[in-house]
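Inspection log for the structure reproduced underneath, given as structure tokens.
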Ligand code: PEP
Ligand code: MG
């Protein structure tokens, strides 16, 4: 079976009715680009940069170190786009003590200072990362993705810091490149205000791991409630369908980069909901491609509507 799958590496991911599907890789280190290319990914859909920040006893990577890491990922992908997500520490990805702020310091880390909230709480630190990303963009196509946005004020502050990072690089006469800007949709508040995000961003990436957690009030890491963590809960499906439809209607790119995108039991449903871009662990890419090659999006769209309307969508998933 593995061997059969590996033969799909150079087969384009096209459905039976001729729709080309974008299959992207999630990576955690620059060198993961090798595995991404090997699996036939057409780009990196999520580079989780927090792994450069974790396990260093609180000493954060400086601009040069970050720039080198982002550049290695860009070089590694050989001209294919790399989506670099700004740091998402906190909650299930705590920084070590010593950084001044660690998850243990907070009452409820998943609802506390994580991701963009953490970055905006220390603009000087965020600017270091933004300058490093902009500089790496001189070497290849980069998309800059912002996690956990929920408020218009966070969008405004983020955009203004990106401008400021460019000004700082100009003042140093340092070379940098253009970036496309994306927003993670992973807080229900964001999923319910998609037009705001479409006004300010070039593309959306749906983080289903957190979107499910926050929509259902189920801690994604808590075994005691894991049986209630349901990717096909009608509320989750409703948010997913609505985000995908609105982004597509606006002519903007939308992908899913949570675990759902790499789960072959979800591929047909996501295609039926209109998704055309999936980002996942490199090891899942060929298996998802195999599902895509067997799928007809027209038929799946009709079926997905019945799943969306069902009281118990899970019961229809095998149809
Ligand atoms: C997500 O929330 O679905 C996601 C991709 O981000 P992370 O798992 O890193 O929180
Ligand atoms: Mg997330």
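Criterion applied to 274, 258 was being closer than 20 Å to residue 25 by Cα, within 13 Å of ligand 1 (Cβ to nearest atom) and at pLDDT 95 or above, and the one residue passing it is 258.
Across the stretch 146-180, what is the total count of residues that are away from ligand 1 (no atom under 16 Å from the Cβ) and closer than 18 Å to residue 117 by Cβ?
If we filter the stretch 146-180 for residues that are away from ligand 1 (no atom under 16 Å from the Cβ), which is where we start, we get 151-180.
Next, only the ones that are closer than 18 Å to residue 117 by Cβ stay: 151-162.
Within the stretch 146-180, residues that are away from ligand 1 (no atom under 16 Å from the Cβ) and closer than 18 Å to residue 117 by Cβ number 12.
Summed over the stretch 141-153, the residues that are crowded, with 23+ Cβ neighbours inside 10 Å and part of a loop (DSSP other than H, G, I, E, B) give a count of 3. In the stretch 23-92, counting only helices (runs of 4 or more DSSP H) that sit wholly within it, the ones holding 3 or more residues that are under 18 Å from residue 181 (Cα atoms) span 63-76.
Of all residues in the stretch 182-203, none that is assigned to a strand (DSSP E or B) has its Cβ atom under 6 Å from the Cβ atom of a residue that is within 16 Å of ligand 1 (Cβ to nearest atom) and at pLDDT below 95, 6 or more apart or on another chain.
Restricting attention to the stretch 267-286, the residues that are in a loop (DSSP other than H, G, I, E, B) and in contact with a strand residue (DSSP E or B) (Cβ under 9 Å, 6 or more places away or on another chain) add up to 4. Before we move on, is residue 212 within 15 Å of ligand 1 (Cβ to nearest atom), farther than 20 Å from residue 46 by Cβ and buried (at least 16 other Cβ atoms within 10 Å of the Cβ)? Here the answer is no, as residue 212 does not meet what is asked. Among the conditions (1) within 23 Å of residue 135 (Cβ to Cβ); (2) surrounded by fewer than 15 Cβ atoms within 10 Å (Cβ to Cβ); (3) within 16 Å of ligand 2 (Cβ to nearest atom), residue 175 misses just one, which is (3).
Is it the case that residue 184 is crowded, with 20+ Cβ neighbours inside 10 Å and on the phi > 0 side of the Ramachandran plot? The answer is no for residue 184.
Has the stretch 168-179 got any residue that is closer than 20 Å to residue 121 by Cα and modelled with pLDDT of 95 or more? Before you say what the answer is, go through the steps one by one.
If we filter the stretch 168-179 for residues that are closer than 20 Å to residue 121 by Cα, which is where we start, we get 168.
When the remaining residues are screened for being modelled with pLDDT of 95 or more, the result is 168.
Scanning the stretch 168-179 turns up at least one residue that is closer than 20 Å to residue 121 by Cα and modelled with pLDDT of 95 or more.
Determine, yes or no, whether residue 138 is at pLDDT below 95, over 21 Å from the mean Cα position of the chain (by Cα), surrounded by 14 or more Cβ atoms within 10 Å (Cβ to Cβ) and not in a helix (DSSP H, G or I).
no
The values are calculated or read from the model by the stated rules, or taken from the named source; none is laboratory data. Note that this is a predicted model, so its numbers are computed, not measured. Counting neighbours? That spans all protein chains shown, and the Cβs are built from the backbone with ideal geometry, glycine included.
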